[in-house]
Amino acid sequence: MSIDADLERIALQEKELQFDSFSLETAWALGSLLREMAVERKLGVVIDVTLFSMPVFYTALEGSTPDNPNWVRRKRNSVFRFLKSSYAVGLSLAQQETTLQAKFGLPDAEFAPHGGSFPIVVRGTGCVGAVTVSGLPQRDDHIMVVEALATLLGKDIDGLKLGE
């Protein structure tokens with residue numbers, strides 16, 4: 001799949017995977033769903049749901065590493081800075097053959113334009129937080145988050161999947 005095609009599909013995901021409202025209970029349901037998916041698939045990941053105002057859900061599963069929480073923080077920072085998925089940020093930079101440091105002066109120690117963090121958007125309000133997974137290859141982290149959001153929102157995942 002080309003970068004252009006992936007970016008087009010991610011834009012569709014970001015448009016479709018929005019909430020009418022988002023509460024602490026919704027955040028917990030989203031984090032719990034991701035945890036259930038990871039446990040069922042025996043995935044060693046860290047899962048985080050953070051609102052701009054506070055962290056709401058966090059879990060580290062067997063097989064995750066001490067590096068994963070830092071990856072979560074850095075990917076989430078990318079979403080909070082650009083208000084789009086960390087994977088879209090990274091693909092856009094790759095397409096432009098540049099980096100966050102070169103283009104925006106943002107340090108790698110604080111920002112990671114790698115797949116796995118997705119904006120939590122409330123229609124009529126905007127981005128209120130981010131949901132992040134770390135521990136798989138970046139594309140797979142992104143796919144897992146999108147699958148959980150689509151499931152929670154009752155959206156058809158087949159129409160939102162990234163191409164092979």
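No lab work stands behind these numbers, since they all come straight from the coordinates. Model, not experiment: these values are computed from the prediction. Please note: Cβ atoms are built from the backbone with ideal geometry, for glycine as well, and neighbour counts cover all protein chains shown.
Structure summary
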item: Fluctuation leader among Val45, Val128, Val79 - the chain, Gaussian network, Cα springs under 10 angstrom; result: Val128
item: Reachable lysines from Lys155, criterion Cα separation under 21 angstrom, eight or more residues apart if same chain; result: Lys15, Lys84
item: Extended-chain gain in nm, criterion 0.36 nm per residue less alpha-carbon gap, Thr125 and Ser32; result: 31.1 nm
item: Note, ³J(HN,Hα) from phi for the stretch 108-118, Karplus 6.51, -1.76, 1.60, rounded to Hz, x at Gly and Pro; result: 4, 5, 10, 9, 10, x, 10, x, x, 10, 9
item: Using a Förster distance of 22 Å, the FRET efficiency for Thr65-Glu25 (Cβ separation, nearest 0.05); result: 0.15
item: Contact order normalised by residue count of the chain, Cα under 8 Å, 6+ apart, percent; result: 29 percent
item: The chain - Rg over Rh from alpha carbon coordinates, Kirkwood radius; result: 0.94
item: 5 angstrom amide H check on Ile120, placed H, neighbours 5+ away; result: Val128, Gly129, Ala130, Val131
